[in-house]
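What follows is a set of notes on a single structure, which appears directly below.
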């Protein structure tokens, strides 16, 4: 029976991880006002629309921030945590504890997604500068709102862009803070998708 529980926990975690990544991407694409007609954007919207239609009836979207996406991300994270705990035979902690764990996990996933997008942008700028692939365009659109303010602070360095270094440092500081917050909240790191 333990093997079946472990397999079930793995499948739940995998499905929740994949869907949570799509939900977070939806929020990031909306926040960055990325190209809606990009085929990847269309796929993300199509997959995340069914539950968001229901949530948008109750939680309206304000500008670039879509609170419905945040609620959906927290709900997916909560379902993954609670299901994993139940399958492992542990008691479910209180609602506030689960909410804190979910907030830390979703924030960690957003930070990690920005980190991966930044690495992709750097590699693409070296290997295939000027590419027009839909995925690369979306990655650029996601990272640009974070990179532009940093770029405006740094002085020009003769065509070299040092803003990714500052963003990497900021991301590492945030990741360290999240790990310590997770430890302080008693969060088993294997339960949360984003950390």
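A compact table of results
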{"quantity": "Between 0 and 90°, nearest 10: helix 95-127 axis offset from the chain longest Cα axis", "calculated": "30 degrees"}
{"quantity": "Rg/Rg_globular for the range 79-195, with Rg_globular taken as 2.2 N^0.38 Å and Rg from C-alpha atoms", "calculated": "1.35"}
{"quantity": "Calculated FRET value between residue 43 and residue 120, using beta carbons and R₀ = 25 Å, to 0.05", "calculated": "0.90"}
{"quantity": "Over the chain: helical MRE at 222 nm, DSSP H runs n ≥ 4 each giving -39500 (n - 2.57), nearest 500", "calculated": "-26500 deg cm²/dmol"}
{"quantity": "Bins of 10 Å, starting at 0 and running to the largest distance - Cα pair percent for the range 130-177", "calculated": "23, 44, 30, 3"}
{"quantity": "Using alpha-carbon coordinates, inclination of helix 67-88 to the longest axis of the chain, degrees", "calculated": "40 degrees"}
{"quantity": "Gain in span if fully extended, residue 15 to residue 71, counting 0.36 nm per residue against the direct Cα distance", "calculated": "18.4 nm"}
{"quantity": "Degrees, to the nearest 10: 163-184 long Cα axis against longest axis of the chain", "calculated": "10 degrees"}
{"quantity": "Difference of contour (0.36 nm per residue) and Cα-Cα distance, residue 150 to residue 184", "calculated": "9.2 nm"}
{"quantity": "Spherically averaged projected area in nm², based on the convex hull that wraps the Cα atoms of the range 2-191", "calculated": "13.1 nm²"}
{"quantity": "For the range 29-112: Kirkwood Rh in Å [reciprocal of mean 1/r, alpha carbons]", "calculated": "14.4 Å"}
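Just so you know, all these numbers are worked out from the coordinates, no wet-lab data involved. All values reported here derive from a predicted model rather than from experimental measurement. All Cβ positions, even for glycine, are placed from backbone atoms using ideal geometry, and neighbour counts span all protein chains on display.
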